[in-house]
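Below is one structure, written out as structure tokens, with a few remarks after it.
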Amino acid sequence: AASSSMASLAKMLDFYSGFNPSPLSIKQFMDFGQNACEKKSFIFLRKELPVRLANIMKEIALLPDNLLHTRSVSEVSSWYVKSFEDVLEYEKVEPTHENLQKFVRDLDLIRNRHNDVVQTMAQGVIEMKENEGGNVEAPTESSIQYFLDRLYMSRISIRMLINQHTLLFGSSPHSQGRHIGCLDPACDISDVVRDAYENARFLCDQYYLTSPALEIQQHSSTDEGIPIRTVYVPSHLYYMLFELFKNSMRAVVEHHNQDSCDSLPPLKVHICRGKEDICVKISDQGGGIPRSQSDQLFKYMYSTAPQPSKSDLHTVPLAGYGYGLPISRLYARYFHGDIVLLSCEGFGTDAIIYLKALSDEANELLPIFNKTSSKFYRATVPTGDWSNQSSDMNARQLNATI
Ligand SMILES: O=S(=O)(c1ccc(O)cc1O)N1Cc2ccccc2C1
């Protein structure tokens, strides 16, 4: 029985991974949610969820063996197999009232099953590093970076679909106010900025007994003076801002702790609405970091520190796995935005969140499993095609002749 179920799983994986995921725009989420039909949503999801699950499951299978065969990654893989099978139960059933209700309950179970994917994958990276004796070759590091970005983007998108369906058709549909599922049609950016700042500041005060102040300015190319609002997922924006505020507060306090007790330079936030982009820039005077290190901040391998003990996690409030920045950038990129860090060593860092100003341009950005992505896992790091520094021999010869 096991072997036949394995064979049918492999067949179903090949079938569903043969389809490309269908990206939805924020506008489509809104238009559908305004007069939502549970049956249509069910019919869409019982196909789209297996497609998205199968696409990423095929990539999990392509991981380097020394990561794929760790206990943690095997466990994550088993969660995906179970969830894939759970959704396939609905492939051919009638959309009766009880089947629709059971579907919502199963989606809640699936969401909860995958709650710890990020921590468990980080644990898998640590296990792999320990098994490898610490040093990981560059090709493995770059394919792990490539894979984790795609795994977490896929996970963000699947949780978005599940959250919309369970919020719209679950047990508390009317507690939404103006919200459509997890989308706010009139999200006031500065409100979320203040909310994230206050919560980060609370942690900062608890640990450092001080925190930098906040200054907010708004600039709108169209309606000057009124608060800048947009259709977005407030919880995604909050996650990004909370992470950036934690980094900036730690930088400012640690950079200025050498000085006397004169006051800390404030964090300056600019919220700008243009025709195409909405930007939220957080500027700190935390001393910045050298350009040579700034691209490390978005690395999973670099930021996979040895597991902080449980006590450390809440005592050192701003230290965690350090996956906050790469995941924050994925939330921004999910709806075709981005996060960019611009640091001036010795002075401070600007962090800019870019969002799409128009909801019909804010399309989901989804990983697609195909020949291109498969090739990436076999890629070797290209030999250099720019001179980095003159080889010693040439330099010595040059000096010898002078
Ligand atoms: O690298 S940073 O410039 C920096 C990175 C991201 C960010 O959002 C804000 C930042 O300021 N910065 C993080 C940090 C932590 C402790 C001590 C000094 C610093 C400097």
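Using a probe of 1.4 angstrom and keeping all protein chains present, the accessible surface of the chain works out to 51 square angstrom per residue. If R0 is 45 Å, the Cβ-Cβ spacing of Gln28 and Lys375 corresponds to a FRET efficiency of close to 0.90.
Each stretch of four or more DSSP H residues adds -39500 (n - 2.57); spread over every residue of the chain, this sum gives -17500 deg cm²/dmol at 222 nm. Placing a label point 7 Å from the Cα of Asp106 along the Cα-to-Cβ direction, the residues of the range 160-179 with a backbone N closer than 19 Å are 160-171.
Within straight-line reach of Lys27, meaning a Cα separation under 27 Å, sit the following lysines at least 8 residues removed in sequence or on another chain: Lys39, Lys40, Lys47, Lys275, Lys281, Lys356.
Quick one: if the Förster radius is 22 Å, what FRET efficiency do Thr383 and Arg291 give, using the C-beta to C-beta distance and rounding to 0.05? Intermediate values should be presented prior to the final figure.
On the way: r = 24 Å, r/R0 = 1.08.
Computed FRET efficiency for Thr383 and Arg291 comes out at 0.40.
State to the nearest 20 debye the size of the charge dipole of the range 1-75 about its Cα centre, where the only charges are +1 on K and R beta carbons and -1 on D and E beta carbons. Could you put the intermediate results ahead of the total?
Details: 9 positive and 7 negative charges, 51 e Å.
My answer is approximately 240 debye.
Lys11: which aspartates and glutamates have alpha carbons under 14 Å from its alpha carbon, excluding same-chain residues fewer than 8 sequence positions away? By straight Cα distance, Lys11 reaches Glu85. With Cα atoms defining each centre, the range 148-186 and the range 91-105 are spaced 19 Å apart in the structure.
Modelled spin-label separation between Asp195 and Arg229, with each label point placed 7 Å from Cα along the Cα-to-Cβ direction: 1.4 nm.
Translational diffusion coefficient, Stokes-Einstein: compute it for the chain using the Kirkwood radius over C-alpha pairs as Rh, at 25 °C and 0.890 mPa s, and state it as an integer in µm² s⁻¹.
Details: Rh = 23.6 Å.
The diffusion coefficient I find is 104 µm²/s.
Among the protein heavy atoms of the chain, carbon and sulfur supply 54% of the accessible surface, probe 1.4 Å, non-protein parts ignored. Label sites at Glu94 and His69, each approximated as a point 7 angstrom past Cα along Cα to Cβ, lie 5.0 nm apart.
Between Rg and the Kirkwood Rh of the range 1-138, both from Cα atoms, what is the Rg to Rh ratio?
Details: Rg = 17.7 Å, Rh = 17.0 Å.
Ratio of gyration radius to Kirkwood radius: 1.04.
Under a point-charge model restricted to the Cβ atoms of Lys and Arg (+1) and Asp and Glu (-1), what is the dipole moment magnitude of the range 88-138 relative to its Cα centre, in debye to the nearest 20?
Working: 6 positive and 11 negative charges, 41 e Å.
It works out to roughly 200 debye.
Can you compute the FRET efficiency between Gln145 and Phe347 using 1/(1 + (r/R0)^6), with r the Cβ-Cβ distance and R0 = 35 Å? Round to the nearest 0.05. It comes to 0.75.
For the pair the range 32-57 and the range 355-370, the centres of their Cα atoms are 17 angstrom apart.
Peptides 144-156, 89-101, 122-134, ordered by how many other C-beta atoms sit within 10 Å of their residues on average, highest first, read 144-156, 122-134, 89-101.
Computed extension gain for Ala2 through Ser172, at 0.36 nm per residue and net of the alpha carbon distance, reaches 57.2 nm.
The values are calculated or read from the model by the stated rules, or taken from the named source; none is laboratory data. What you see is a predicted model; the values in this text were computed from it and never measured. Cβ sites come from the backbone with ideal geometry, for glycine too, and all protein chains shown count toward neighbours. Just so you know, the surface numbers come from the protein's heavy atoms only, side chains and all, with ligands and any DNA or RNA stripped out. Shrake-Rupley method; radii C 1.70, N 1.55, O 1.52, S 1.80 Å.
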